[in-house]
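Here's the structure we're looking at; comments come further down.
Please treat every number below as a calculation from the coordinates, not as lab data. What you are looking at is a predicted structure, and each value in this text was computed from that prediction instead of being measured. Virtual Cβ from ideal backbone geometry, glycine too; neighbours counted across all protein chains shown.
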Amino acid sequence: MTTTTAPPTPRPRRRAGDRVFAGSATGAGILILVVLAGVAIFLVSEAWPAFTAKASELPGGKSLASYVGPLVLGTLTAAVIALLVATPLAVAIALFITHYAPRRLAAALGYVVDLLAAIPSVVYGFWGIAALAPALVPFYAWAAEHLSWIPIFAGPASATGRTMLTVGLVLAVMILPIISAISREVFAQAPALHREAALALGATRWEMIKMAVLPYGKSGVIAGAMLGLGRALGETLAVAIVLSGSAGVITANLISSTNPLTIASNIALQFPESTGLGVNTLIATGLVLFVITLAVNMLARWVVSRRADFSGAN
């Protein structure tokens, strides 16, 4: 008895357009990795003299860790304030646009919120120093008088309003459209079957949101918040305009005129007048900021990748 084997199935020929698209997409992916590696190599090579120099040769006569530490504290403080203020507002705006507002109002409000991302940083800086900071001075005076037992309101209150708290609020407005846009897209994709089932069982609109929408969009909100945090960490011009700070300051007080600078604003203010090892020191602080921002964005991508499939069928 003889057996016959089926002839091998011929592989489909790829069209020229498919090959071109696949090659260009692969090249683009490789290019971004090469650029990222090039930036990292440049920062490490330029910052190395600062890592190996003696403390007495560095700006201020301190070690590199003593120089970078207060800047990292200022950077994280401003970014965390912005994140804590912007995230609840962005989630509330996204829920209102997707589940409460009429269709026409939702579309118009979505455009307005997205336009906040198109405003230049210098405009936010001028708004912060000319409008927001003076408006917050009475609150700072009241907080220093009645809430001084809380370390962040210890005082004395700033007479100009150019404080770390003001910077955090400015950054909150700047990252608000990022978090809101991502949250809005995630909430809009919540499975319709889950929403309709909750309403059919007698749930109110808020109960439906709490049971069907928020669990689905939780990881998307977290990822959007992390991306907004990455933007806040690297903001330069608005912080440099608004914040009245100095290098080497470590304090928990958010309403006084003595504030630590952020890494980005310190580089912007000090780089034009720096030479020699001072430039290497600033680049070393830039390397630290690069690592922090990269870690934040990698964490955001990890959160997104861990989101389980959530469809109306499961």
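Among Ala90, Ala25, Ala53, determine the one that fluctuates most according to a GNM of the chain built with springs between C-alpha atoms less than 10 Å apart.
Taking springs between Cα atoms under 10 Å, the residue moving most is Ala25.
In a Gaussian network model over the chain where Cα atoms closer than 10 Å are linked, find which of Ile178, Ile32, Ile283 has the largest mean-square fluctuation.
Judging by the Gaussian network model, the answer is Ile32.
May I ask for the net charge around Ala101, where only other residues with Cβ less than 13 Å from the Cβ of Ala101 are counted and Lys, Arg are +1 while Asp, Glu are -1?
+4
Near the amide H of Ser246, under 5 Å away, which other amide H atoms are found, from residues 5 or more places off or on another chain, if H is placed in the peptide plane?
Asn259, Leu261
Scan the chain and note any complete DSSP helix (H) whose C-alpha atoms cover at least 15 Å along its axis and whose Kyte-Doolittle average is 0.5 or more.
16-52, 64-95, 103-115, 133-146, 164-188, 214-234, 277-305
Could you size up the charge dipole of the chain around its Cα centre, putting +1 on the beta carbon of Lys and Arg and -1 on that of Asp and Glu, and report it in debye to the nearest 20?
1100 debye
Hey, in the GNM for the chain with a 10 angstrom Cα cutoff, which one of Ser24, Ser121, Ser158 fluctuates hardest?
Residue with maximal mean-square fluctuation among Ser24, Ser121, Ser158: Ser24.
Please say if region 108-207 is rounded, prolate or oblate, where rounded means a/c under 1.5 for a ≥ b ≥ c the square roots of the C-alpha gyration tensor eigenvalues, and otherwise the choice is prolate for a/b larger than b/c and oblate otherwise?
oblate
Within 10 Å of each residue's Cβ, count the other Cβ atoms and sort Thr275, Thr251, Thr160, Thr87 from fewest upward.
With the sparsest Cβ surroundings first, the list reads Thr275, Thr160, Thr251, Thr87.
Which shape class, rounded, prolate or oblate, goes with region 46-147 when its Cα gyration tensor gives a ≥ b ≥ c as root eigenvalues, a/c under 1.5 marks rounded, and past that a/b bigger than b/c marks prolate?
Verdict is prolate for region 46-147.
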